[in-house]
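Peer 1: Submitted below is the structure of interest, expressed as structure tokens.
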């Protein structure tokens, strides 16, 4: 055991001091502008683009905080063949991936959707992943618990030696010593997409690395079809209720911008969003007075929360007396989604069609008489 610990320590020191063999990196900058050999169309997503060549696939991820630059360039090559000559400049990733680590639940959910959950060998913060297979495999040791996403266990990552790590970048945030391992970081910025189907299309991004492109295309086509069908049902309603979401966190109400993912979903579900004239795509930290001034007379209030028991009007008023001043509170038109047991966060990025139908059935129940809401339910007294 002592010998093993010394070997592990020596390995970690070598990796973190840069002595580990570098991951293959393409260097030919001119190849970045080469015309693709076949067409790959990204329909809604703005965050990634794909060029197909005979010997490799070029995947670029746009920096959502500076759209004039790229966040990453990945060069995907067949792992069963020798590396092609003159690869374009970028991080070379051998596909299909066989062993990966993930930073968040959306990575696991996306891989599970593609039938690729078996390649997941390490996860951060498994307590937040609502997938039974992940929970069971972490419990029995088949999947390594890598700790907090903000500071994962680098020793475990080195021992795991994954082909790649799926990560969610945050502006101004670095990966610390994880970056020094030279393991490819596959950064997904799906959460910055403003179109619900744009975010859902990132399932095709995952498929490029797992050899499931055709399957992902068929899955996304079904999602797109279902989403459009619900949107069409409510498109011509004569009365749209005004709707606003959620409750404050640490004193601030993080309200979606008028061009954001959530604002677009509310409109597509047949609602009027009080901030629909706002032009931003990000969240706006607002105080209670501003929210009440804008949404105090809104018809419906939808809330997400995570508690052991379901929220009630009594518990809501106990939390903050002023909630009772909203019209939606007085008229008993508040609908809650308890994410303690609901798969809302797991489903939303991949299946916005599910959430859209739920919302539309709440806003226009007469148009969906046989549908029973799965996520949002009217809260009780």
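None of the figures in this text is laboratory data; all of them are computed from the coordinates on show. Worth saying up front: this structure is predicted, and the values here are computed from it rather than measured. Heads up, the Cβs are rebuilt from the backbone with ideal geometry, glycines too, and the neighbour counts pull from every protein chain shown.
Peer 1: Quick check: from the Cα gyration tensor, does region 255-371 come out rounded (a/c under 1.5), prolate or oblate? Please report the intermediate quantities before stating the final value.
Peer 2: Numbers: a/c = 1.37, a/b = 1.09, b/c = 1.26.
Verdict is rounded for region 255-371.
Peer 1: Let me ask something else about it. Hey, with R₀ at 30 Å, roughly what FRET efficiency would residue 377 and residue 151 work out to, going by the Cβ-Cβ distance, to 0.05?
Peer 2: FRET efficiency, residue 377 to residue 151: 0.25.
Peer 1: If you rank 206, 344 by fewest surrounding Cβ atoms within 10 Å, what's the result? Could you put the intermediate results ahead of the total?
Peer 2: Details: 206 25, 344 19.
Lowest to highest Cβ neighbour count: 344, 206.
Peer 1: Divide by every residue of the chain the summed helix terms, -39500 (n - 2.57) for each DSSP H run of at least 4, and state the resulting mean residue ellipticity at 222 nm, rounded to the nearest 500 deg cm²/dmol.
Peer 2: The helix contribution divided over the chain gives -9000 deg cm²/dmol.
Peer 1: Roughly how far apart, in whole Å, are the Cα centres of region 206-220 and region 62-141?
Peer 2: 13
Peer 1: Per residue, how big is the convex hull of region 23-221 when only Cα atoms are used? Give it in Å³.
Peer 2: Values: hull volume 25.0 nm³, N = 199.
About 125 Å³ per residue, rounded to a whole number.
Peer 1: Pop a pseudo-label 7 angstrom from the Cα along the beta-carbon direction at both residue 259 and residue 239 and give the gap in nm to one decimal.
Peer 2: 3.3
Peer 1: I need to check one value: relative contact order of the chain, counting alpha carbon pairs closer than 8 Å and at least 6 residues apart, in percent. Don't skip to the end; give the middle numbers.
Peer 2: On the way: 670 pairs, mean separation 49.1, N = 381.
So the answer I get is 13 percent.
Peer 1: Additional query: Given an 8 Å cut-off on Cα distances and at least 6 residues of separation, report the relative contact order of region 227-378 as a percent.
Peer 2: Over region 227-378, the number comes to 26 percent.
Peer 1: By how many nm would the segment from residue 232 to residue 55 lengthen if fully extended, with 0.36 nm per residue of separation less the alpha-carbon distance?
Peer 2: Result: 59.5 nm gained on full extension.
Peer 1: Based on the Cβ-Cβ distance of residue 37 and residue 68, what FRET efficiency does E = 1/(1 + (r/R0)^6) give at R0 = 30 Å, to the nearest 0.05? Mind dumping the intermediate values first?
Peer 2: Details: r = 27 Å, r/R0 = 0.91.
Calculated value: 0.65.
Peer 1: Taking 0.36 nm per residue of separation and subtracting the Cα-Cα distance, what length does fully extending residue 293 through residue 250 add? Numbers along the way, then the final one.
Peer 2: On the way: separation 43, 0.36 × 43 = 15.48 nm, distance 1.98 nm.
Here the answer is 13.5 nm.
Peer 1: Measuring from centroid to centroid over Cα atoms, what is the spacing of region 306-323 and region 344-366 in Å?
Peer 2: Spelled out, the Cα-based centre of one part sits 23 Å from the other.
Peer 1: Return the FRET efficiency for the residue pair residue 133, residue 331: r is the Cβ-Cβ distance, R0 is 35 Å, and the value is rounded to the nearest 0.05. Intermediate values should be presented prior to the final figure.
Peer 2: Values: r = 42 Å, r/R0 = 1.21.
Computed FRET efficiency for residue 133 and residue 331 comes out at 0.25.
Peer 1: Another question, if that's okay. Starting from the 7 Å offset along Cα-to-Cβ, what nm value, one decimal, do you get for the label separation of residue 307 and residue 320?
Peer 2: Label-label distance for residue 307 and residue 320, simple model: 1.3 nm.
Peer 1: How much length would be gained if the chain were fully extended between residue 340 and residue 174, taking 0.36 nm per residue of separation minus their Cα-Cα distance, in nm to one decimal? Please report the intermediate quantities before stating the final value.
Peer 2: Values: separation 166, 0.36 × 166 = 59.76 nm, distance 2.94 nm.
Here the segment from residue 340 to residue 174 would lengthen by 56.8 nm.
Peer 1: Also, I was wondering about something else. Apply the a/c threshold of 1.5 to the C-alpha gyration tensor of region 161-310 and tell me whether it is rounded, prolate or oblate. Walk me through the intermediate numbers first.
Peer 2: Working: a/c = 2.59, a/b = 1.41, b/c = 1.84.
Oblate, because a/c is 1.5 or more while a/b does not exceed b/c.
Peer 1: Starting from the Cα gyration tensor of the chain, multiply each eigenvalue by 5, take the square root, and state the resulting semi-axes largest first in whole Å.
Peer 2: 41, 25, 19
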